[in-house]
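Below is one structure, written out as structure tokens; comments come after it.
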Amino acid sequence: MKKYRELFERIISDLEGYSEISIKEAEIGYPSPIDEFKQIESDFQIQLSEDIKAFYTEVGFVSISWSFKHELEIKGKRYQVNGKIYILTLHDSFYGFDNLGWQDVLWFKDLEDQEKMKNLRPFDFYDMEENGCVCFNIDDNKVEKDLIIYSTSEGYHPIKLNIEEYCDLLTQTKGLDQSQYLLVKVPINENEIFQARMADFLPLLIKDKKEFERFRKNGKL
């Protein structure tokens, strides 16, 4: 079984080892109580996956944010390069912030795909400005193993990664801004700033050259 707390402790330790990185926040929350699983299953009439239970019995939440001390420069303009991992508590994931749910955040009353979006529950809410998150998806009264990437600008995209595989990905990227989009084909992949950020800064984070080549190929960097 994956040891998730150790995984995130290692990510923090790795970040602390980079002299070119400034860490802003690094916190791992206590595990979720078992009773919370039962309460959510009862309230939402769903079955939580064993993946979710395995994760949240070790880790209650994760909040890691950092930035490179040097900036990305393109055509005379400078851009700050940041990273963020913001894994929500199980309560916030399912009930929303302040128990308000995800209406007017991930879905709206006049949204064409309203019913599909209602099934999303954010797991890693890494971009508050664009509602960028890696989500759980509820289907047929159970939570699917494979995750969904969603943001206001880039839309809804299934990915063939479960919680364990996504957390393994985070050990490589450390939550580098928008690196999740290397997993899917979206317009941002063609953006000059995105491409430069990935090409210039991912190699500084991913020490395993084979892993970097996999990202480079997928992202067409």
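The values are calculated or read from the model by the stated rules, or taken from the named source; none is laboratory data. It should be emphasised that the depicted structure is a prediction, and the values quoted were computed from it without experimental measurement. Every residue, glycine as well, gets a Cβ built from its backbone with ideal geometry; the counts of neighbours run over all protein chains shown. Accessible surface is based on the protein model in full, side chains and every heavy atom, while ligands, DNA and RNA are left aside. Shrake-Rupley method; radii C 1.70, N 1.55, O 1.52, S 1.80 Å.
Give the accessible area for Glu164 in Å² (nearest 10); use a 1.4 Å probe, count only protein heavy atoms, and leave out ligands, DNA and RNA.
Spelled out: Glu164, probe radius 1.4 Å, area about 80 Å².
Of Gln45, Gln172, Ser63, which is farthest on the positive side of the dipole of the chain, counting Cα position, with +1 on Lys and Arg Cβ, -1 on Asp and Glu Cβ, and the Cα centre as origin?
Looking along the dipole axis, the top candidate is Gln172.
Which trypsin sites (Lys or Arg not before Pro) from region 101-151 combine a DSSP loop assignment with at most 15 other Cβ atoms within 10 Å? Display every interim value, and only then the final one.
Numbers: sites: Lys109, Lys116, Lys118, Lys142, Lys145; in loops: Lys109, Lys145.
In loop regions of region 101-151 (DSSP not H, G, I, E or B), the sparsely surrounded trypsin sites (Lys or Arg not before Pro) are Lys109.
Could you tell me what percent of the DSSP beta bridges with both partners in the chain are antiparallel, to the nearest 5?
Numbers: 32 of 34 bridges.
Counting only bridges with both partners in the chain, antiparallel ones make up about 95 percent.
If you place +1 on the Cβ of every Lys and Arg and -1 on the Cβ of every Asp and Glu, how big does the dipole about the Cα centre of region 72-122 come out, in debye to the nearest 20?
So the magnitude is around 400 debye.
Could you order Asp168, Asp43 by accessible surface area, starting with the largest, using a probe radius of 1.4 Å?
Putting Asp168, Asp43 in descending order of accessible area: Asp43, Asp168.
Over 29 Å between Cα atoms: which of Lys3/Lys160; Lys24/Lys116; Lys53/Lys160; Lys2/Lys109 fall into that group?
Cα-Cα > 29 Å for Lys24/Lys116; Lys2/Lys109; rest within.
Using a 1.4 angstrom probe and counting only protein chains, how large is the accessible area of His70 in Å², to 10?
Per-residue accessible area (His70): approximately 80 Å².
Just read off the accessible area of Arg78 with the full protein assembly in place, 1.4 Å probe, to the nearest 10 Å².
Rounded to the nearest 10, the figure is 150 Å².
With 23 Å as the cut-off, how large is the P(r) tail for the chain, expressed as percent of Cα-Cα pairs?
Value for the chain (Cα pairs over 23 Å): 47 percent.
Could you put Lys69, Lys2 in order of accessible surface area, largest first, with the 1.4 Å probe and the full protein assembly present?
My answer, sorted largest first, is Lys69, Lys2.
By a straight-distance test (C-alpha under 20 Å), which lysines pair with Lys207 as possible cross-link partners, with residues fewer than eight away in the same chain excluded?
List returned: Lys69, Lys84, Lys174, Lys217, Lys220.
Per residue, how much accessible area does the chain have with a 1.4 Å probe, in Å²?
Here the per-residue accessible area is 52 Å².
Where is the GNM fluctuation largest for the chain (alpha-carbon springs, 10 angstrom cutoff): Gln172, Gln195, Gln103?
In this elastic network of the chain, the residue with the biggest mean-square fluctuation among Gln172, Gln195, Gln103 is Gln103.
In whole Hz, with x marking every Gly and Pro, tabulate ³J(HN,Hα) for region 109-115 from phi via Karplus 6.51 cos²θ - 1.76 cosθ + 1.60, θ = phi - 60°.
Ordered by residue, 3J(HN,Hα) equals 4, 9, 6, 4, 9, 3, 5 Hz.
Rounded to a whole number, what % of the accessible area of region 81-221 do carbon and sulfur atoms account for, probe 1.4 Å? Can you show the working numbers first?
Values: 3080 of 6820 Å².
Ligands and nucleic acids excluded, carbon and sulfur reach 45 percent.
How would you classify region 43-132 from its alpha-carbon gyration tensor, with a ≥ b ≥ c the square roots of the eigenvalues: rounded for a/c under 1.5, else prolate if a/b is greater than b/c, otherwise oblate? Spell out each step's value before the answer.
Working: a/c = 3.08, a/b = 1.54, b/c = 2.00.
Oblate is the answer for region 43-132, as a/c is 1.5 or above yet b/c matches or exceeds a/b.
Using just the helices of the chain, give the 222 nm mean residue ellipticity in deg cm²/dmol: DSSP H runs with n ≥ 4 each add -39,500 (n - 2.57), and the total is spread over all residues, rounded to 500.
-10500 deg cm²/dmol
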